[in-house]
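Everything on this sheet refers to the single structure shown next.
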């Protein structure tokens, strides 16, 4: 198990208050709201984003419910407009979230040197629209059998020449950087559900290294796509196809049986405190440290070593004790094994800390998960109360965590540990704090 952050005592001088990394803006495109105000209102009203799939015919799929982003018009955000031709839905949502975050932060070009502003974004495998490859596929059929040797000569002439640019996972970061003239460090991370928290962590390190003053960090993904269901299968999905979709995802509850897919994106503006204060920016929160660890596959299944390790390293990185964490923003996938593993790791490392699980509102957003979920805690610390987990009714003895449920929890300790776990074994924990 390798840790990506140094132990306490080896922290760089940039951890001083002057060089502290702060959050100055937030943008979100999610199933429960577009923009931070609408997103927060839905959380306050305990409004779920789960519903029957509308974007395509889901009648033949094992699960017909998902959390889609409704009423999203990318033309309101994407510029130049012609860029839409080379943007998949994932990229469009990521671009919009970043644009909303920059507006929220009050960033204007003359306040930031282009070479001192960068982008790091998490992304998933992006699935193409089936009608874009239908003609190409048909051109390779001979007697109703697909002939691979015909692809180069027959199929490519039936495809848009720039087709590939719509689906490359590095393109969200590229489009965002071009639009905002961010010429500093630029990176993309593709590690499933851990992607956007790792992007947040990398942005923190870029600023602490002195390589940038401002970073746009986040993640984007749409797993509400027929190819996603075909490629990833239904192993982690709930089987309650006849239930009320808003009650299906129930992290840590004894009656949980799986998650639902969703889509969404969020972006946070990270900034060196001195730079933020010099331009009069409003500070929403602080990023104190992170831990990232990996657990190799075990024949008996995951053992939780990566989750425990990520939490411990994050605490050392932030210079905090377990008792100084106000709440945990959990991965909370709502599957039986993963929730059990995570809950036991939280209990072992942080004790009886309060836990909230945002996936209960919008399901598994893939690479967009961590960033959208992080916004729940960032806004919660600003507003003074942490939204509850939906559908938590029956405690599971094998999930020994104190789940925030029923109503919001008043903030008494202005710190939070954000946690995400990828199915490949990667775990990441990020420690944030309120604005003061």
P(r) over all Cα-Cα pairs of the stretch 294-355, 10 Å bins from 0 to the longest distance, whole percent per bin, short to long, reads 21, 54, 22, 3
Using only alpha carbon pairs under 8 Å that are at least six residues apart, calculate the relative contact order of the chain and give it in whole percent.
24 percent
For the stretch 205-322, what relative contact order do you get, as a whole percent, if you take Cα pairs closer than 8 Å and at least 6 residues apart?
25 percent
Quick check on the exposure proxy: order 128, 102 from fewest to most C-beta atoms within 10 angstrom.
128, 102
With a Förster radius of 60 Å, plug the Cβ-Cβ distance of residue 149 and residue 76 into 1/(1 + (r/R0)^6) and report the FRET value to the nearest 0.05.
0.85
Using a Förster distance of 45 Å, the FRET efficiency for residue 162-residue 41 (Cβ separation, nearest 0.05):
0.70
Fewest Cβ neighbours within 10 Å first, please rank 255, 24 accordingly.
255, 24
Residue among 274, 254, 134 with the largest mean-square fluctuation in a Gaussian network model of the chain, springs linking Cα atoms under 10 Å
134
Could you work out [θ]222 nm for the chain from helices alone, using -39500 (n - 2.57) per DSSP H run of at least four and dividing by all its residues? Round to the nearest 500 deg cm²/dmol.
-8000 deg cm²/dmol
Could you give the Stokes-Einstein D for the stretch 47-139 in µm² per second, using the C-alpha Kirkwood radius, 10 °C, 1.306 mPa s?
96 µm²/s
Quick one: the Cα spread of the chain along its three principal axes, in angstroms, biggest first?
67, 55, 41
Max mean-square fluctuation residue, GNM over the chain, Cα-Cα springs under 10 Å, options 370, 33, 351
351
Sorted by Cβ neighbour density within 10 Å, fewest at the top, the residues 350, 168
168, 350
In the stretch 25-48, which residues have a backbone nitrogen under 16 Å from the label point lying 7 Å from residue 103's Cα in the Cα-to-Cβ direction?
25-30, 33-40
The stretch 236-278: proportion of alpha-carbon pairs further apart than 15 angstrom, %:
59 percent
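Coordinate-derived values only; no laboratory data. These numbers come from a predicted model, not from an experiment. Virtual Cβ from ideal backbone geometry, glycine too; neighbours counted across all protein chains shown.
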